[in-house]
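First comes the structure, then the notes that go with it.
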Amino acid sequence: MPSPVWSFFTVAENDNAFAICNACSLRIPRGGKRSSSFNTSNLISHLKSRHHGEEVLKEYEAAAAAASTSSETNAVTKGRKSDVTILQSFEKSRPFARDSEKTKAINGKVMEFIALGDQPFSVVEEPSFRSLLAHLEPRYTLPSRRFFSDVSLPALYDVVATHIHSLIDQNGLHISFTTDIWTSDVSPVSMLSLTAQWLDEDFNLQQAMLHAQECPGSHTAAMICQAFNTMLAHWNITKDQVHVVLRDNARNMIKAMEECGLASLGCVAHTLQLAVNEAVLSQRSIADCVAISRKIVGHFKHSNVATSRLRNLQKQLGMKEARLQQDVATRWNSTFYMLTSLLQQKRALAAYAVDFDLPAFLSPNQWALIENMLTILDPCEQLTKNMSSATATAADVIPSIEALKRLLNKTVATDHGIKTSKSMLLQAVEQRFSHISTESVCFLATVLDPRYKDCFFDQATKKEAMEVLTAKMRSQTENEPEPHEKRTRTDDNNNNTSLQKMYEEILHENATNELNHSQADQQIQAYLSEPTIPRSESPLDYWRSNKIRFPQLALLARKYLSSPCTSVDSERLFSAAANVIDEKRNRLGCEKAEMLLFVKKNLPLVPSPRI
């Protein structure tokens, strides 16, 4: 802050070593020739000696006094601020309390990182991870791995479970399930899954994983049935709420569902795989092609040198670089992908065989057989992919199988050499899916899907479907509570009057039933008379918009369109389980593994904050 004396002086223009007095215009030296030695002592002395008693000196003394007071006040304030800054510095260096909200929040995020990122609990002991957290928040003290496994994980599990319970209680009127059994490759652990999905009142699809329960010992039907009953009881789900259970085609699973008294349906993808293996891949000529193809792919999978040579040939031939795909014996579509990748690299493989050795060769006839065979496997692969999508329902089963059967019935130029396989595939599909036209879970779902309705049924099935649908709607209406009737005055001692009342009751009941039946028939006829919507549109969006127009049909649609058509949800769950129980966590107990799986699959459903 400049001295108050400069209100009465001005620096000389031709020499800044002098100042000009504003009152008398006298040049006063500033105390030296260099700016470092300048001061205001001569200026103040000039005012006191030359302008003693004058108004100029009085104005200077008043300004100097005011400046002195202001400096003292600033010094005190600065001292106080300094004290506050010191206190803040101490506070910022003090560690968070273990029960502070900040500590709880960070603990929760670390637990989410472990669960969602498939991290072992030992990650909290890794020096690099601890260093990262110390850098991000020095005041946070990272707890031990035991804290996260025994305290934080159960707490997060409870939060997620409470939210899933509330979702089921609110809208779980009709719930569809998928189930499967999985055995770990790195740990002696088998688990039985239970995933659920249902439609809420606004036809939004809700999906949740409920269980991945340990399944020790022999996987008998009785053991599976008992485990199922335990899992349903844990979630307070009655058997009346269970619409259908999607399972594989193993006999123990089928029998278990029968013993539980639960409606069940075989996984469409698994059933189609059995049909393809039985009718196509088991054929001697095709099996030989597959065996040779596996040897060729295995050669490149086990040799980096061979892979590098093949890649160079792909570049020279102007082909897109691509690796050959190895198949898995239990997945027919992986065999399809393997043969497709071989066919795409046919030129490169031929060039490779000229200069280098291969463990086996495909003849020209075998190449032609593979190419033709892929034409009948391609629609099966498309169907499997469609059926395995998250939006596929039981309504897609009958239309998809009918379309596949019609395609297999057509004769095309690529049938050369595979007519027998194509005919056997058609027979296998017809045999293994013969029950779906009489399976109410499928044909009612198809009718209630506005993309299909009854267009994929023959006349007999159309009639049966309409009868079942009408009966379901009438039963649904009759189970609704009757409105309270105002009682008429009667004389209890008059038998004639009481008898008359019985006549009236019977007439009223029949009139009500006729009215309800008429309403049900009208809704069905109105719904079916409208054109189907495009397959690219969502049936759930349709019912969300039309549930007021067709209220009784909408209730049935909410039930039957909740069912998936495959058990892929459980298979995806166990793909996640393979990451949860891996080489780093092969000693993880089943209880902890189930908690981690449950949190991993369901945590995105829980709104934040989650602590």
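Here are some notes:
- Condition check for Asn236: open to solvent by 10 Å² or more (accessible area, probe 1.4 Å), assigned to a loop (DSSP other than H, G, I, E, B) and touching a residue at least 24 places away in the same chain (Cβ under 8 Å): yes
- Checking Ala471, Ala428, Ala465 one by one, the residue that is open to solvent by less than 60 Å² (accessible area, probe 1.4 Å), modelled with pLDDT of 90 or more and not β-branched (Val, Ile, Thr) is Ala428 and no other.
- Region 272-312 - residue that is of a type outside the set (A, V, I, L, M), under 19 Å from Ser423 (Cβ atoms) and without any contact (Cβ under 8 Å) to a residue 40 or more places away in the chain and, of those, most open to solvent (accessible area, probe 1.4 Å): Arg284
- Residue among Gly108, Gly117 that alone is within 28 Å of the chain's Cα centre (by Cα), at pLDDT 90 or above, closer than 26 Å to Phe598 by Cβ and small (Gly, Ala, Ser): Gly108
- Of all residues in region 170-191, those being in contact (Cβ under 8 Å) with a residue 40 or more places away in the chain and either in a helix (DSSP H, G or I) or not aliphatic (A, V, I, L, M) (or both) number 11.
- Arg487 falls short of the stated requirement of being farther than 23 Å from Ala263 by Cβ, at pLDDT 75 or above and open to solvent by 50 Å² or more (accessible area, probe 1.4 Å).
- Count of region 291-313 residues which are closer than 12 Å to Ala353 by Cα and over 38 Å from the mean Cα position of the chain (by Cα): 4
- For region 147-194, residues that are touching a Leu at 6+ places or on another chain (Cβ under 6 Å) and open to solvent by 10 Å² or more (accessible area, probe 1.4 Å) total 1.
- Checked against (1) outside any loop (DSSP other than H, G, I, E, B); (2) open to solvent by less than 10 Å² (accessible area, probe 1.4 Å); (3) over 18 Å from Glu278 (Cβ atoms); (4) not aliphatic (A, V, I, L, M), Lys453 meets all criteria but (1).
- Some residue of region 202-224 being of a type in the set (Phe, Trp, Tyr) and open to solvent by 10 Å² or more (accessible area, probe 1.4 Å): no
- Pair list, Cβ < 9 Å and 6+ apart or interchain, from region 531-550 residues that are under 19 Å from Asp200 (Cα atoms) and aliphatic (A, V, I, L, M) to residues that are assigned to a loop (DSSP other than H, G, I, E, B) and open to solvent by 90 Å² or more (accessible area, probe 1.4 Å): Leu540/Thr391
- For region 2-24, the criterion of being surrounded by 15 or more Cβ atoms within 10 Å (Cβ to Cβ), over 60 Å from the mean Cα position of the chain (by Cα) and part of a helix (DSSP H, G or I) is met by at least one residue.
- Test set (1) surrounded by 17 or more Cβ atoms within 10 Å (Cβ to Cβ); (2) part of a helix (DSSP H, G or I); (3) out of contact with any Phe, Trp or Tyr (no Cβ under 9 Å at 6 or more places or on another chain) - Asn365 fails condition number: (1)
- Lone unmet requirement of (1) open to solvent by less than 10 Å² (accessible area, probe 1.4 Å); (2) assigned to a loop (DSSP other than H, G, I, E, B); (3) farther than 20 Å from Asn386 by Cα; (4) not β-branched (Val, Ile, Thr) for Ser562: (3)
- Residue that is least open to solvent (accessible area, probe 1.4 Å), among those in region 527-553 that are in a loop (DSSP other than H, G, I, E, B) and within 21 Å of Gln476 (Cβ to Cβ): Phe550
- Taken as a whole, region 316-325 holds no residue that is open to solvent by less than 40 Å² (accessible area, probe 1.4 Å) and either modelled with pLDDT of 95 or more or in a helix (DSSP H, G or I) (or both).
- The residues of region 376-391 that are aliphatic (A, V, I, L, M), buried (at least 20 other Cβ atoms within 10 Å of the Cβ) and either in contact with a Phe, Trp or Tyr (Cβ under 9 Å, 6 or more places away or on another chain) or not in a helix (DSSP H, G or I) (or both) amount to a single one, Leu377.
- Of residues in region 392-425 being small (Gly, Ala, Ser) and not in a helix (DSSP H, G or I), the one nearest to Ser282 (Cα to Cα): Gly417
The values are calculated or read from the model by the stated rules, or taken from the named source; none is laboratory data. Values in this document were obtained by computation on a predicted structure and should not be read as measured data. Backbone-built Cβ (ideal geometry, glycine too); neighbour counts: all protein chains shown. Just the protein is used for accessible areas: all its heavy atoms, side chains included, with ligands, DNA and RNA removed. Shrake-Rupley method; radii C 1.70, N 1.55, O 1.52, S 1.80 Å.
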